[in-house]
Amino acid sequence: MIGDIVATLNGWIQNFGLLSEGWRVGVVVFALVFGTATVAYVASHVIAALERKFSNTNNLWDDALLHAARKPVVAFVWLQGVYWAAEVAHRYSDAEIFTANETVLRMGFVFVLVWAVLRLIKEGEGILVSPLKMQKPMDYTTVNAVSKLSRAVVIITAVLTVMQSLGYSMSGVLAFGGIGGIAVGFAAKDLLANFFGGFIIHLDRPFKVGDWVRSPDRNIEGTVEHIGWRLTTVRTFDKRPLYVPNAVFTTIAVENPSRMTNRRIYETIGIRYADVSQMATIVGDIRAMLEQHEDIDSEQTLIVNFLEFNASSLDIMVYTFTKTVQWVRFHEVKQDVLLKISDIIEGYGAEVAFPTRTLHLPEGLRLTGAGRDQNPDAERSSEESSAETGQRQRKGEVEESGDAE
C-alpha cells in the first residue's frame, strides 16, 4: 500500500519534471511527517472533546478509558507516521538503519499498548478508592496491591512478547530464568524475603495505610504511610519516617490499635479508713453514674467494687470502656469521669486518701523541743544563770585591765 502511494506521488512529480529524485523523496517524507502531525493534533483534540462530553455522564469508566487512551493514541499515530516516512526513505536508500523498521514498529506497538493499559490501571485505582467517585470506596491497600500485581503481569508479558519478536526462544529464556533464578535466590534472599513479606501483608491485611500500628517485640509504633514490595513506611509520633523491611512483619507480633472497638478506663481510687462506713454507697453511686454516662459503653464490661485494704487507703476498682476510640476525645471523657467520681466522694463527706504514716511513742518518752515547751521556768533559770556568768566574766576582765594600767 505504501509502495503504491509513493509510486503514484513520485510519478506525478516526475511527470512535471520539477525535482530530482532526492528532492522528490524529501517532499514525500515531509508530507508524511506533516500529515502525521496534523492527524495527531486532530486525534488529541477529538479525544479531549469526548472526555468533556462524557464527563457529564454517571459512568466513570468511559472517562477513565478516554483519559488513559489519549496520549497512547497520539503516540500510535506518530509511530505509524514515522514508520511510513522511514519506509519511503528505505525505498530510495540502502542505509542499514532502515532495515529495522518492522522490528521497531512491533516494539513500538507493544510499548504503546502497555502504556495505555498501565494508564487505565492507574485510572481504575483512582476511581475505586475515591470517596467522591464511589459510594463505597474499596480499601486502598487492597486496590494498591492488585494494581501493583496487574502492572507486574502486564510488564512481564510485554517483555516476553518483545523478546519473542526479536527472535529469542521463549523456552530457552524460561530455562535460563529457572537456572538463573536459583543463583538470584541465593544472592538476593533478603530482597525476596521482603518481597514475599509484602505479599503476605497484602494477603493477610494485618494493617493498611493510615492505621496506627505498634509491636511489643520491636520499637515500632506510628502511622502506616506506604506499603511497598520491599519496605513499609511508618511515620512515628515524633514525625520521623521509619522504614521497616517487610520480612520483619512475618516474624514479630503486630498490634493494630486503629481497629479497637472501645478504649478502656482502668483506675484504682482510694478513700480514707475513716470513711469505711460510706464505702458501699460511694461504690453504688459511682456504678450508677457510669451506667448513665452518655460516653460510656454500658454494653461492655463495667466493674466498680471495693478492691482491697491498702496500706493507707481503702481501694475502689473502676473498670469500664468508652464509646469513642479517638485519643483526644478519650482523655476528655476520662477527665469527666474522674471529676464526677471525686464529686461523689466529697458529697458523702469522705476524702480521697493519700499516703500517710502514724508514729506511736512509748509512755514517758519526751522530745527535747517538747521538754522545753513543757518547763518554761527551767528554761528561764538556765538563761538567767548564763547571763550572770557572762557578767562576772566581763567584770573580771575590767579589773584586770585596771591593774595593768
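The values are calculated or read from the model by the stated rules, or taken from the named source; none is laboratory data. What you are looking at is a predicted structure, and each value in this text was computed from that prediction instead of being measured. Cβ sites come from the backbone with ideal geometry, for glycine too, and all protein chains shown count toward neighbours.
If you take the residues of the stretch 34-80 that are not aliphatic (A, V, I, L, M) and not in a helix (DSSP H, G or I), which of them is surrounded by the fewest Cβ atoms within 10 Å (Cβ to Cβ)?
N58
Just to check your reading of the model, which residue among S171, S165 is at pLDDT below 80, out of contact with any helix residue (DSSP H, G or I) (no Cβ under 7 Å at 6 or more places or on another chain) and within 30 Å of L118 (Cα to Cα)?
From the options S171, S165, the qualifying one is S171.
Residue under question is I252, and the condition is that it be surrounded by 14 or more Cβ atoms within 10 Å (Cβ to Cβ) and touching a residue at least 24 places away in the same chain (Cβ under 8 Å); does it hold? Talk me through it step by step, then tell me what you get.
Values: surrounded by 14 or more Cβ atoms within 10 Å (Cβ to Cβ): no; touching a residue at least 24 places away in the same chain (Cβ under 8 Å): yes.
Judged against the criteria, I252 is not a match.
Looking only at the stretch 66-104, filter to residues that are aromatic (F, W, Y) and at pLDDT 80 or above; which one of those is farthest from F54 (Cα to Cα)?
W78
From (1) over 15 Å from I252 (Cβ atoms); (2) surrounded by 16 or more Cβ atoms within 10 Å (Cβ to Cβ); (3) modelled with pLDDT under 85, pick out the condition that doesn't hold for F196.
The number of the failed condition is (2).
Looking at this structure, is V328 in contact (Cβ under 8 Å) with a residue 60 or more places away in the chain, closer than 30 Å to W212 by Cα and among the aliphatic types (A, V, I, L, M)? Before the answer, list the steps.
On the way: in contact (Cβ under 8 Å) with a residue 60 or more places away in the chain: no; closer than 30 Å to W212 by Cα: yes; among the aliphatic types (A, V, I, L, M): yes.
For V328, the condition - in contact (Cβ under 8 Å) with a residue 60 or more places away in the chain, closer than 30 Å to W212 by Cα and among the aliphatic types (A, V, I, L, M) - is not met.
What single numbered condition from (1) surrounded by 13 or more Cβ atoms within 10 Å (Cβ to Cβ); (2) hydrophobic (A, V, I, L, M, F, W, C); (3) more than 30 Å from F207 (Cα to Cα) fails to hold for I220?
(3)
Picking from Q326, Q335, which residue would you name as being modelled with pLDDT of 95 or more and either crowded, with 16+ Cβ neighbours inside 10 Å or of a type outside the set (K, R) (or both)?
Being modelled with pLDDT of 95 or more and either crowded, with 16+ Cβ neighbours inside 10 Å or of a type outside the set (K, R) (or both) holds for just one of Q326, Q335, which is Q335.
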